[in-house]
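Beneath this line is the structure, given in structure tokens, with notes to follow.
The values are calculated or read from the model by the stated rules, or taken from the named source; none is laboratory data. In this text the structure is predicted, and so the values were computed from the model without any measurement. Ligands, DNA and RNA are stripped out before the accessible areas are found, and what is left, the full protein with its side chains, is counted by its heavy atoms. Shrake-Rupley method; radii C 1.70, N 1.55, O 1.52, S 1.80 Å.
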Amino acid sequence: MKKDIILCGVGGDGIVSVAKIISDAALNVGLNVKQSEIHGMSQRGGSVFSHLRLSDKPIFSDVIPEGKADIILSSEPMEALRYLPFLAKDGWIITNSAPFVNINNYPDIEKVMAELKKIKNCLAFDANEITKTVKARSNMVLLGAAAPHLEIDFAELENAIRHIFGRKGEEVVNSNIAAIKAGKEAK
């Protein structure tokens with residue numbers, strides 16, 4: 001088993017939290033994990049990304065080469081487009097279709113979505129809309145949508161959420177688990 005995942009978005013979207021949850025779940029099932037992240041701009045709404053590599057064999061680098069990412073998980077569409085050169089030929093883009101317009105020259109969203117939809121394995125949906133019913137953040141909804149492609153048992157993702165968010169209380173844990181379940185159903 002090998003999965004190379006690029007998680008990307010805008011600072012404050014919870015990309016680093018999603019990487020932690022996937023890493024925790026992967027380690028719990030005995031996989032090797034390497035992660036590299038850039039989050040210095042997280043408090044300013046800047047670009048945030050993480051390279052996350054999972055494997056049942058040793059991993060020698062934490063950086064995913066261009067054209068080798070199995071999944072690009074993005075909290076907003078322009079960031080998915082930015083990392084498109086990393087996507088493998090048969091890789092998946094899983095992205096929130098709701099843009100986070102934080103710059104004056106944000107491109108036309110219809111053009112961004114048209115480019116993403118050229119990829120055969122593209123799941124783009126309004127994760128923000130789903131969050132209204134589960135009372136959790138869109139990053140957890142996106143994690144749920146990515147879950148079927150991770151090759152990690154869904155219960156392990158739930159356990160990782162309990163482990164990471166347990167100190168915040170049962171309500172937080174339950175809303176995050178509800179969010180990943182709702183995301184898993186997104187089409």
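A few comments on the model shown:
- Counting only heavy atoms of the protein chains and using a 1.4 Å probe, His163 has close to 130 Å² of accessible surface.
- Largest-first principal axis extents, alpha carbons of the chain, Å: 41, 38, 32
- Of every Cα-Cα pair in the stretch 87-187, the percent that sits beyond 23 Å: 34
- Within the accessible area of the chain (1.4 Å probe), percent carbon and sulfur: 50
- Of all DSSP beta bridges in the chain, antiparallel share, percent nearest 5: 55
- Dividing the radius of gyration of the alpha carbons in the stretch 38-111 by their Kirkwood radius gives 1.01 for Rg/Rh.
- Taking 0.36 nm per residue of sequence separation and removing the Cα-Cα distance, the Phe60/Leu27 pair yields an extension gain of 10.2 nm.
- Structural descriptor for the chain: relative contact order 21 percent, calculated from alpha carbon pairs under 8 angstrom and at least 6 residues apart.
- Centroid-to-centroid separation of the stretch 138-162 and the stretch 56-71 [C-alpha atoms, Å]: 20
- Rg over Rh for the stretch 70-117 works out to 0.96, using Cα positions for both radii and the Kirkwood form for Rh.
- CD proxy at 222 nm, helix term only [per DSSP H run n ≥ 4: -39500 (n - 2.57); per residue of the chain; nearest 500]: -11500 deg cm²/dmol
- Distant-in-sequence amide H partners of Leu123 (H built 1.01 Å from N, under 5 Å): Ile93, Ile94, Thr95
- For the stretch 1-126, accessible area per residue (1.4 Å probe, heavy atoms of protein chains only), Å²: 48
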